[in-house]
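Colleague: I'd like to ask some things about the structure below.
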Amino acid sequence: KGIPQETVENELANEDHEEEVARGVKWAQKQLGKPTDSSMKMQKVSLQKKLYQQGYETETVNEIMSLLEFEKDEDVEYKNLMKQAQKAWKRYCQKYEGTKLRNTVFRYLVSKGFDYDDVYNAVEEVEQEYDKD
């Protein structure tokens with residue numbers, strides 16, 4: 001953005017590792033504060049990718065991730081799971097039905113990082129909800 005490459009490299013070389021980690025933790029906490037409807041596991045993966053995109057090295061990213069506190073709120077996680085399950089069911093019920101529909105929704109939710117047992121229960125609930133209609 002108009003800054004000579006040499007100047008950027010000199011500043012980065014002179015920066016203290018602790019300062020870089022502190023800046024990364026601050027940035028990551030801001031990212032975690034944003035509302036999302038994905039699983040905690042997916043949020044962690046997404047945050048790691050974003051840190052790499054910000055230019056942090058692997059060692060620094062691992063250190064930042066270890067300093068962050070990830071609280072898994074069961075209610076929020078289950079609410080997000082149900083939201084995703086309903087969206088997936090609506091999307092796939094036009095193309096599939098029966099066991100194929102259940103399996104497709106199940107695989108989709110597991111790929112989003114939700115736990116198997118929770119996904120199984122959510123798919124059961126959504127299936128019963130849509131069978132009533």
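Colleague: Where in segment 37-122 are there chymotrypsin sites (Phe, Trp or Tyr not before Pro) that are in a DSSP coil and have at most 16 other Cβ atoms within 10 angstrom of their Cβ?
Modeller: Phe70, Tyr96
Colleague: Along its principal axes, what span do the Cα atoms of the chain show, with the longest given first and each in whole Å?
Modeller: Principal extents (largest minus smallest coordinate, Cα): 65, 30, 21 Å.
Colleague: For Lys100 and Gln31 in one chain, what is 0.36 nm times their gap in residues minus the Cα-Cα distance, to one decimal in nm?
Modeller: 21.2 nm
Colleague: Each residue of segment 88-98 in order: what ³J(HN,Hα) in whole Hz does its phi give by Karplus 6.51 cos²θ - 1.76 cosθ + 1.60, θ = phi - 60°, with x for Gly and Pro?
Modeller: 5, 4, 4, 5, 8, 5, 6, 9, 10, 8, x
Colleague: Run lengths n ≥ 4 of DSSP H only: what is the helix-derived mean residue ellipticity at 222 nm for the chain, with -39500 (n - 2.57) per run over all residues, to the nearest 500?
Modeller: -24000 deg cm²/dmol
Colleague: Same structure again: Over segment 28-126, with the other protein chains present, what is the accessible area per residue in square angstrom, probe 1.4 angstrom?
Modeller: Value for segment 28-126: 65 Å² per residue.
Colleague: With a 1.4 Å probe and every protein chain kept in, tell me what percent of the accessible surface of the chain is carbon plus sulfur.
Modeller: 46 percent
Colleague: Continuing with this model, one more query. Can you give the Rg/Rh ratio of segment 54-119, where Rg is from the C-alpha atoms and Rh is the Kirkwood radius?
Modeller: Result: Rg/Rh = 1.17.
Colleague: On to the next question. Which of the trypsin sites (Lys or Arg not before Pro) found in segment 76-133 are in a DSSP loop and have at most 16 neighbouring Cβ atoms, other than their own, within 10 Å?
Modeller: Lys95
The values are calculated or read from the model by the stated rules, or taken from the named source; none is laboratory data. Note that the structure is a prediction, hence the values are computed from the model and not measured. Don't worry about glycine lacking a Cβ; one is built from the backbone with ideal geometry, like all the others, and counts go over all protein chains shown. Accessible surface is based on the protein model in full, side chains and every heavy atom, while ligands, DNA and RNA are left aside. Shrake-Rupley method; radii C 1.70, N 1.55, O 1.52, S 1.80 Å.
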